[in-house]
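The values are calculated or read from the model by the stated rules, or taken from the named source; none is laboratory data. What you see is a predicted model, and the numbers here were worked out from it, not measured in a lab. Backbone-built Cβ (ideal geometry, glycine too); neighbour counts: all protein chains shown. When the accessible area is computed, the model is the full protein with side chains, heavy atoms only, and any ligands, DNA or RNA have been set aside. Shrake-Rupley method; radii C 1.70, N 1.55, O 1.52, S 1.80 Å.
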Amino acid sequence: MSEMANRRGAFFGRRKGHRLRAHHAGLMADALPRLRVPQEGPIADPARLFPQAVSDVWLEIGFGGGEHLLAQAEAHRDVGIIGCEPFVNGMAKLLAGIEARGLANVRLHGADAMLLIPRLPAASIGRAFILYPDPWPKRRHRKRRFLSDATLAELARVLRPGAVLRFATDIDDYAAWTLARVQRSADFVWEAMRADDWRRAWDDWPGTRYEAKAFREGRRPSYLTFRRR
Ligand SMILES: C[S@@+](CC[C@H](N)C(=O)[O-])C[C@H]1O[C@@H](n2cnc3c(N)ncnc32)[C@H](O)[C@@H]1O
């Protein structure tokens, strides 16, 4: 089976955690259907998913509790951000954050990002974030990792020339895994300026819940920035 056929529509993580509080359950029932991107068929123009004109469309894959997505959406209210996250409790938390901040520039996909990305038009996304994807450290589980030659090729298709892909991980092996795939792809360049660049968080980086746990447990993150050729 090809890497893509193996991955497509496959989500290996946890979909549900603790039972949702009443307010969060209400948001899942009322707000999510309004903010969800169409679940099937091609999306002709992602910019038109938003109620107002947007200057660009960004994509976050696996936003977890949404700390980063909310910070970006608040700092860039002119940009439309599509967030993908199959974990229901994360989605509910993000919806509460959108409501609290009054954000109109977020749209959501509550499933495997690879069920959405192939439906986006070529060169339609200006920035993509993959921040602490599930690490799958055991050798026999590595094929479950989100980043693969096939997903990278799909990301290359939807990112416009000059667009940026940001990738963070606290697992050294996953950083090396990703660099190996980017380096054999003709579509991206790694934007390292200084020798220790990958140890420095981005200037606008708010941190995430997963990252805080990694620091507490003594792991050092890698922050990789790739540019679409
Ligand atoms: C380790 S967590 C990190 C969450 C968040 N980015 C952070 O830094 O706190 C990885 C997240 O990716 C999500 N995820 C895993 N596979 C995914 C996929 N195929 N598409 C979208 N999200 C995915 C998981 O549900 C999980 O919430």
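Here are 180, 212, 192: which of them is more than 16 Å from the ligand (Cβ to nearest atom) and closer than 28 Å to residue 140 by Cα?
Numbers: 212 fails: more than 16 Å from the ligand (Cβ to nearest atom); 192 fails: closer than 28 Å to residue 140 by Cα.
Of 180, 212, 192, the one residue that is more than 16 Å from the ligand (Cβ to nearest atom) and closer than 28 Å to residue 140 by Cα is 180.
If only one of 147, 108, 94, 103 is in a helix (DSSP H, G or I) and of a type outside the set (Ser, Thr, Tyr), which one is it?
On the way: 147 fails: in a helix (DSSP H, G or I); 108 fails: in a helix (DSSP H, G or I); 103 fails: in a helix (DSSP H, G or I).
After applying the criteria, what remains is 94.
Output yes when any residue across region 152-173 is over 18 Å from residue 58 (Cβ atoms) and of a type in the set (Lys, Arg), and no when none is. So that I can check it myself, show each step before the final result.
Pass one, region 152-173, residues over 18 Å from residue 58 (Cβ atoms): 153, 169-173.
If we keep only those that are of a type in the set (Lys, Arg) as well, we get none.
Scanning region 152-173 turns up no residue that is over 18 Å from residue 58 (Cβ atoms) and of a type in the set (Lys, Arg).
Residue 198 passes all but one of (1) open to solvent by less than 60 Å² (accessible area, probe 1.4 Å); (2) outside any strand (DSSP E or B); (3) closer than 23 Å to residue 151 by Cα; (4) not polar (S, T, N, Q); which number fails?
Of the numbered conditions (1) open to solvent by less than 60 Å² (accessible area, probe 1.4 Å); (2) outside any strand (DSSP E or B); (3) closer than 23 Å to residue 151 by Cα; (4) not polar (S, T, N, Q), the odd one out for residue 198 is (1).
Would you check if there is a residue in region 146-160 being within 12 Å of the ligand (Cβ to nearest atom) and in contact with a Phe, Trp or Tyr (Cβ under 8 Å, 6 or more places away or on another chain)?
Yes, some residue in region 146-160 is within 12 Å of the ligand (Cβ to nearest atom) and in contact with a Phe, Trp or Tyr (Cβ under 8 Å, 6 or more places away or on another chain).
Okay, residues lined up against (1) more than 16 Å from the chain's Cα centre (by Cα); (2) more than 24 Å from residue 170 (Cα to Cα):
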{"site": "64", "(1), (2)": "no, no"}
{"site": "96", "(1), (2)": "yes, yes"}
{"site": "129", "(1), (2)": "no, no"}
{"site": "136", "(1), (2)": "yes, no"}
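For the list (1) within 30 Å of residue 176 (Cα to Cα); (2) touching a Lys or Arg at 6+ places or on another chain (Cβ under 9 Å); (3) open to solvent by less than 20 Å² (accessible area, probe 1.4 Å); (4) within 16 Å of the ligand (Cβ to nearest atom), I need the number of the one condition that residue 37 fails.
(1)
For region 11-27, which positions are part of a helix (DSSP H, G or I) and surrounded by 17 or more Cβ atoms within 10 Å (Cβ to Cβ)? Even if it seems obvious, please write down each step before you answer.
First, the residues of region 11-27 that are part of a helix (DSSP H, G or I): 22-27.
Selection gives 24, 27.
In region 68-95, what count of residues is obtained for those that are touching a residue at least 60 places away in the same chain (Cβ under 8 Å) and away from the ligand (no atom under 16 Å from the Cβ)?
Looking only at that region, the number is 1.
Of everything in region 109-122, what is touching a residue at least 40 places away in the same chain (Cβ under 8 Å) and either open to solvent by 10 Å² or more (accessible area, probe 1.4 Å) or of a type outside the set (A, V, I, L, M, F, W, C) (or both)? Give them in sequence order. Give the steps one after another, and end with the answer.
Narrowing region 109-122 to residues touching a residue at least 40 places away in the same chain (Cβ under 8 Å): 109-121.
Within region 109-122, 109, 110, 111, 112, 115, 118, 119, 121 qualify.
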